[in-house]
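The values are calculated or read from the model by the stated rules, or taken from the named source; none is laboratory data. Model, not experiment: these values are computed from the prediction. FYI the Cβ positions are ideal-geometry reconstructions off the backbone, even for glycines, and counts take in every protein chain you see.
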Amino acid sequence: MESATARDLSHIVKRDGRIVPFTRVRISNAIFRAAVAVGERSRDEADRMAEQVIAAIGRTPSSQPYPAVEEIQDVVEKVLIESGKSKIAKAYILYRAERARKRTGREARDPKKGDPIPWKKVWHVLNWAIDHQLHTVQALNDRIGRGEFGTIVRESEDAYQLDVVHAADAILARKKEIRVVIVAGPSSSGKTTTTIKISRHLAKEGFRFVPFHVDHYFHDLDAHPRDEYGDYDYETPQALDLDMINRHLKRLLNGETVSVPKFDYKAGKRIDNHHEMKLARDEILLIDSLHGLYRDMTGEIPNDEKFRLYIETLLQMRDAGGRYIRWADLRLLRRMTRDKDQRYVDPKFTIEHWRYVRDSELDHIVPFVNSVDYIVNGGLPYELPVMKRRWLDTFRGWKDEYAGRADRMDAGERADRIWKLFESIGSITEADEHEIPKTALIREFIGGSEYKY
């Protein structure tokens, strides 16, 4: 039998048989995520548990030179249980089972429930696209070729603005009972612009909104979940102090004064009791949040006192191969543009981490879409040539750079798909973009907006 000291921990064997470098921090991150799920936030403890796991793997005899992913996960469970961390072990086991269920495609599907986005909404968007000859890339190209880009912009903006007005009217219909308005949606769907537009519309009707900034309720970075690369993960709702959010919301709605925090992003620290906040009788709380639909965020507030609005890029356009363009790809392009131009983030970082953004959306946002009161379509047909101008050459390089790289498989697939899409879309000029109004949703990402974000 092979001795314990002969075990090579420099690499691991993935489920598909690939051999990749072994990263110790992933074990610590996995344990820490499980701990966060049960209310514990000691990263030092997670690191200690991870070292025990690594030591146990090294002592385990095996005929295989490298440990497999499943073997490592088995050892994590064993170490947690034997160390008396039963709650963390249970959370880890449940998370592991959920990921396995998704991988093998055994996810339960109830045909009566349908898709998260109501088909009636999707059908309405598709019907509009057909009426305006914007339901395929070829139709879009034909209109651009006829010099109609400015007209496409106006038609798209009118449709979006009408959706915003309908959302505002739905809020007005319940004005006697609503205490909180929540604007939620996945990353880069256009929540901020939509919130501003709805607020301005309702202000004309006497509504007074007070923003409640949940982003100031982040836990300190040293108690923050991380993603698979070991980077701090702002995409999960567990990054927020949900208990404090609920306490403060409940007290504010009871007419009390609350000392709210402020998050210092540069220092990675939350400053508690930063300033006081109180609602007047005629004021309504407005929450603009990625995870606004997550039940634990506003669980203390009765449902009939909340209005939940969801925004998504519901573009209904087929590509050259007859497939519908992916909404998440549109949002990736928006986020890359904003990250690069406004937040000085390397675009490669954005695309390489996008899979974790999507995982969080699918786990913590999409499942709650059926609970919303209104859905706004933030997809704009004209944004495709706008993004092509900015990113065609970048994606041409990425589709080659990422090709065949096992450690960047997701980024490679996205890069290749978006590059092919760009290749099929007609081009516009910088002068054409002057047709985009300063109040357009897309300017939240490409710049030039009259709104302050």
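As a summary of the residue check, residue 248 satisfies the conditions (1) modelled with pLDDT of 95 or more; (2) in contact with a strand residue (DSSP E or B) (Cβ under 9 Å, 6 or more places away or on another chain); (3) over 30 Å from residue 46 (Cβ atoms) except for the one numbered (3). Selection of first residues in the stretch 342-354 that are assigned by TED's automatic domain parsing to the domain that holds residue 400 and under 16 Å from residue 402 (Cα atoms) and of second residues that are aliphatic (A, V, I, L, M) and modelled with pLDDT of 90 or more, restricted to Cβ pairs under 7 Å at least 6 apart or on distinct chains, gives the following pairs, ordered by first then second residue: 347/336; 350/336; 351/332; 351/336; 351/411; 351/415; 352/411; 354/332.
Please find, among 36, 75, the residue that is without any contact (Cβ under 8 Å) to a residue 24 or more places away in the chain, closer than 29 Å to residue 409 by Cβ and touching a helix residue (DSSP H, G or I) at 6+ places or on another chain (Cβ under 6 Å). Don't jump to the end; show me each part of the working.
Details: 36 fails: without any contact (Cβ under 8 Å) to a residue 24 or more places away in the chain.
The unique qualifying residue is 75.
Look at (1) out of contact with any helix residue (DSSP H, G or I) (no Cβ under 6 Å at 6 or more places or on another chain); (2) surrounded by 12 or more Cβ atoms within 10 Å (Cβ to Cβ) and you find that residue 258 fails only one, number (1).
When you check residue 404 against the structure, is it assigned to a helix (DSSP H, G or I) and surrounded by fewer than 17 Cβ atoms within 10 Å (Cβ to Cβ), yes or no? Talk me through it step by step, then tell me what you get.
Working: assigned to a helix (DSSP H, G or I): no; surrounded by fewer than 17 Cβ atoms within 10 Å (Cβ to Cβ): yes.
So residue 404 fails the test.
Each row is one residue, and each column tells you yes or no for (1) among the charged types (D, E, K, R); (2) assigned by TED's automatic domain parsing to the domain that holds residue 132; (3) more than 23 Å from residue 289 (Cβ to Cβ).
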| residue | (1), (2), (3) |
| --- | --- |
| 380 | no, yes, no |
| 389 | yes, yes, yes |
| 425 | no, yes, yes |
| 428 | no, yes, yes |
| 437 | no, yes, yes |
| 441 | no, yes, no |
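Restricting attention to the stretch 156-194, the residues that are without any contact (Cβ under 8 Å) to a residue 60 or more places away in the chain and not polar (S, T, N, Q) total 9.
Out of 20, 75, 79, 53, report the one residue that is in a strand (DSSP E or B) and either surrounded by 13 or more Cβ atoms within 10 Å (Cβ to Cβ) or of a type in the set (Gly, Ala, Ser) (or both). Show your work before the answer.
Details: 75 fails: in a strand (DSSP E or B); 79 fails: in a strand (DSSP E or B); 53 fails: in a strand (DSSP E or B).
Selected residue: 20, the only one of 20, 75, 79, 53 that is in a strand (DSSP E or B) and either surrounded by 13 or more Cβ atoms within 10 Å (Cβ to Cβ) or of a type in the set (Gly, Ala, Ser) (or both).
Residue 314 falls short of the stated requirement of being of a type in the set (A, V, I, L, M, F, W, C), under 21 Å from residue 391 (Cα atoms) and touching a residue at least 24 places away in the same chain (Cβ under 8 Å).
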